[in-house]
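Read-outs throughout are calculated quantities, based only on the coordinates presented, and are distinct from any laboratory measurement. Just so it is clear, the model here is predicted, and its values are computed rather than measured. Don't worry about glycine lacking a Cβ; one is built from the backbone with ideal geometry, like all the others, and counts go over all protein chains shown.
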Amino acid sequence: MWSAIGLATARQQLRVRGAQVARVARVAGRVPIPGPRLGAVRAVIFRRGYAAAAATTKKTATSTKGRKLKTTTSSAAAKRAAKPNVAKKKPVPKKTKKTTAKTKPAKKVLTPEQRAARKERLAARRKKDEIRDLRATALLHPPKALPRNAWAVFLNDSKKDLSGDVFSNVVPRLALAYKALSESEKYRLATVASQNQLANKAAYQSWILSHTPKQIHDANVARHRLNYLLKPETKFRSIKDGRLPKQSRGAYQLFMTSHMKNAAIQNLQEAQSVMRTAALQWKTLSESERQPYYDNARVDSARYVEEASSLGFTVSPRKSPSPVV
């Protein structure tokens, strides 16, 4: 749509242009310009008038916008000037926690009696722990053995019928019943006992072979230590295993063995007499006379160490009580 200013300007220019054309026509011969030509002139004048009006409107809008920007800028500066100058707050330093040195509690001073009691408690605890570890190594649970004699077989068979009674109260009655058995029944019980002995031996040997020679050696060492710690309450026997090397012997043991072989021994009393005589003779020997036994003991000790090493465990060589001459 045309604006009012543009239309007014166009009409004014048309009037001026029309008057000029009419004047030129009167001068030229008073011939009027044809209609179409006059219309084209009018259109050109109209377009020129609209372009001029549009340019004027654009200039007015630009100047108005500039004034608005200036006004906005001046108002922002006025607001900034109206604000009071507030000083920036300085950063507040963080409060550091005061570390107070912890005072150690005073060490309790024990009396000599208290120190001795604590030492005994610690020793008892260490002994208890050692015994527990030794029991775990000593292989103290071999297979349960079957009755090994006729009386034990008879008692084992009688337990099945006397399960509700106290066994200690019926033992005298069972002893009388055993004595009243016939010879054939006693022979049967003896036969069962001999079969049980063979079965026990086979089961025990199988149990030994289920462990390595090193485990059997460690178990024997643990049993020996337990016998020392628990004496005289308990007594654990060493496990006999044919795979283990024969222990080495000392010079005195070798001397006693050779002396016992040369003597004719008939009974225990003679054996004890020969051993006392040999012990006295050993004391009278000089170092040069003992030296062959020391050498043999050293060789036997080296043999024992080598055989044990081949089976996977180590043993300490026997110390010679005398220097090599």
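Answer rounded, prolate or oblate for segment 142-210, using the Cα gyration tensor with square roots of eigenvalues a ≥ b ≥ c: rounded when a/c is under 1.5, else prolate when a/b is larger than b/c, else oblate. Because a/c hits 1.5 or more and a/b fails to exceed b/c, segment 142-210 counts as oblate. Relative to its Kirkwood radius, the Cα radius of gyration of segment 170-229 gives an Rg/Rh of 1.28. Using the Karplus relation 6.51 cos²θ - 1.76 cosθ + 1.60 with θ = phi - 60°, the per-residue 3J(HN,Hα) values for segment 285-293 come to 6, 7, 5, 5, 6, 7, 4, x, 5 Hz, with x marking Gly and Pro. In segment 142-210, a dipole from Cβ-located charges (positive for Lys and Arg, negative for Asp and Glu) runs towards its positive end, and of ALA199, TYR187, LEU155 it is ALA199 whose Cα lies farthest in that direction.
Against the empirical curve 2.2 N^0.38 Å, the C-alpha radius of gyration of segment 246-325 lands at a ratio of 1.28.
Taking each residue as 0.36 nm, the span from LYS179 to LYS283 lengthens on full extension beyond its C-alpha to C-alpha distance by 31.9 nm.
If you average the alpha carbon positions of segment 111-149 and of segment 231-269, how far apart do those two centres end up, in angstrom? Rounded to whole Å, the Cα centres lie 28 Å apart. Which FRET efficiency value, to the nearest 0.05, do you get for GLN205 and THR111 by plugging their Cβ-Cβ distance into 1/(1 + (r/R0)^6) with R0 = 56 Å? The calculated FRET efficiency here is 0.45.
The phi-based Karplus calculation (6.51 cos²θ - 1.76 cosθ + 1.60; θ = phi - 60°) puts the 3J(HN,Hα) values of segment 227-236 at 4, 6, 6, 10, 5, x, 5, 10, 9, 9 Hz, whole numbers, x for Gly and Pro.
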